[in-house]
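The numbers here are math on the coordinates, done by the rules we state, and not lab data. All of these numbers come straight from a predicted model, not from anything done at the bench. Every residue, glycine among them, receives a Cβ derived from its backbone with ideal geometry; neighbour counts consider all protein chains shown.
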Amino acid sequence: MKGHTGAEAAAIEAWEEAGVKGQIAPAKLGDFTYDKILKRDTTKQSTKPCIVDVFPLEVTNLAPEFPEQRQRRRKWFAPKAAARKVAESGLKALLFAFKPPISDGKINAEPQPPQRQKR
C-alpha cells in the first residue's frame, strides 16, 4: 500500500479482512510467495505472482462488523493448527515456526478471542 509501511499495511489488511485491531510489530516474521488468482472462469484463469510480508499483531479489539465480513469467516486457531489449514507452503512454515509471546509468565498455546468492541 502506497504511503504505508509494511506493518501499517498489514494492520489495515487485518482490519479489512477480519475486523481485528491491535498492536502490530514493526518487524516482519518473514514472507512467502503465491500466485493470486485475478480472473477465474471455465475458459481461462489469470494469476499474478505475489510476495506477502507477514507481521505479528496482538489483537486487542474484535469488531462485530468489518469491511470484508461477507467474504470471510473469522475463526481462531493456535499457530500450528492454523499452519495445518493453509495451502501456501511458505505461510505454513512461518506459522509452524511462530512462537507466541509470553503473557503473564506463560505461553498462550491456544489463543483466546479478544472481547468484542462495543459500538
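Residue-wise test of (1) surrounded by 14 or more Cβ atoms within 10 Å (Cβ to Cβ); (2) not β-branched (Val, Ile, Thr).
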{"residue": "48", "(1), (2)": "no, yes"}
{"residue": "51", "(1), (2)": "no, no"}
{"residue": "59", "(1), (2)": "yes, no"}
{"residue": "66", "(1), (2)": "yes, yes"}
{"residue": "82", "(1), (2)": "yes, yes"}
{"residue": "90", "(1), (2)": "yes, yes"}
For residue 75, the lone unmet condition from (1) surrounded by 13 or more Cβ atoms within 10 Å (Cβ to Cβ); (2) among the charged types (D, E, K, R); (3) within 17 Å of residue 21 (Cα to Cα) is (1)
Provide a single number: the residues in region 1-15 that are of a type outside the set (A, V, I, L, M, F, W, C) and surrounded by 15 or more Cβ atoms within 10 Å (Cβ to Cβ).
2
Could you run through region 21-59 and say how many residues are in a strand (DSSP E or B), among the charged types (D, E, K, R) and closer than 22 Å to residue 87 by Cα?
7
